[in-house]
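Data first, discussion second: the structure below is written as structure tokens.
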Amino acid sequence: MRNLCLTVLILGIVLGFSVLEARSQTDEGQQKSQEIAALFNKTKHKVKEKRGIRIEIFIDIKSEPVVKGNVSEYSGRYKSDTDDWLDLKVSANGQIEAAGSEPAPQKSRRFRLKDAKIEGALLTAIKVYEDGSLEKFEAAFLNRTVRLDQNGAETTVFGLGVRFDPPKMDLDVGFVINKLFYELK
């Protein structure tokens, strides 16, 4: 009886730590997704008047992480404003194949993703470039809502917000980028 109680106690402790670790990973994934979404938020309202002419500029962009019910729903071709792209194939069991391109000073730079994982709305992987160099990849699946005037209609698009850490830089040509939004096409 004593051995049974001890076994149950040890099993309970092990299961408790497993649940805490899983919850910790989920919380960390949610936090990183929120941080990435925040990079894509922007609000600007500016009014200028000169010689009786009034110019008003308004833009409000809100981004929020999106968790799909089935991970295979993330599959598709994503395209950025810079004409860079990301092809993502996710099977129902979570196997991920991905390749894409990102801005670079001279021309777009191609990569493929290895060891890719989706945790909630967070996609993490290692970028493997054509020259064999490696870099961390961190992105969040987002709904991005844009409003161009205070009373106007909103436009919402689904896509992948990628954070570059450290930022991509080439100061000789004035090239600095710390984020990129790929819209699902």
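The values are calculated or read from the model by the stated rules, or taken from the named source; none is laboratory data. Quick caveat: nothing in here was measured; it's all calculated off a predicted structure. Note that we place each Cβ from the backbone using ideal geometry, even for glycine, and neighbour counts take in every protein chain shown.
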* Within the stretch 2-23, identify whether any single residue is at pLDDT 85 or above and over 22 Å from residue 127 (Cα atoms), and answer yes or no. => no
* Do you know which of the residues in the stretch 142-156 that are exposed (fewer than 14 other Cβ atoms within 10 Å of the Cβ) and not in a loop (DSSP other than H, G, I, E, B) is farthest from the chain's Cα centre (by Cα)? -> 154
* Asked: Within the stretch 119-135, how many residues turn out to be in contact (Cβ under 8 Å) with a residue 24 or more places away in the chain and either part of a loop (DSSP other than H, G, I, E, B) or in contact with a His (Cβ under 6 Å, 6 or more places away or on another chain) (or both)?
  -> 2
* **Filter result for the condition that a residue is surrounded by 15 or more Cβ atoms within 10 Å (Cβ to Cβ) and out of contact with any Ser or Thr (no Cβ under 9 Å at 6 or more places or on another chain), over 139, 98, 121** => 98
* Kindly indicate the residue of the stretch 101-118 that is closer than 14 Å to residue 180 by Cβ and touching a residue at least 60 places away in the same chain (Cβ under 8 Å) and also surrounded by the most Cβ atoms within 10 Å (Cβ to Cβ) among those meeting that condition. => 102
* **Complete set of residues in the stretch 124-136 that are exposed (fewer than 15 other Cβ atoms within 10 Å of the Cβ) and basic (Lys, Arg)** => 136
* Determine whether the stretch 77-86 contains at least one residue that is within 17 Å of residue 159 (Cα to Cα), outside any strand (DSSP E or B), within 15 Å of the chain's Cα centre (by Cα) and of a type in the set (S, T, N, Q). => yes
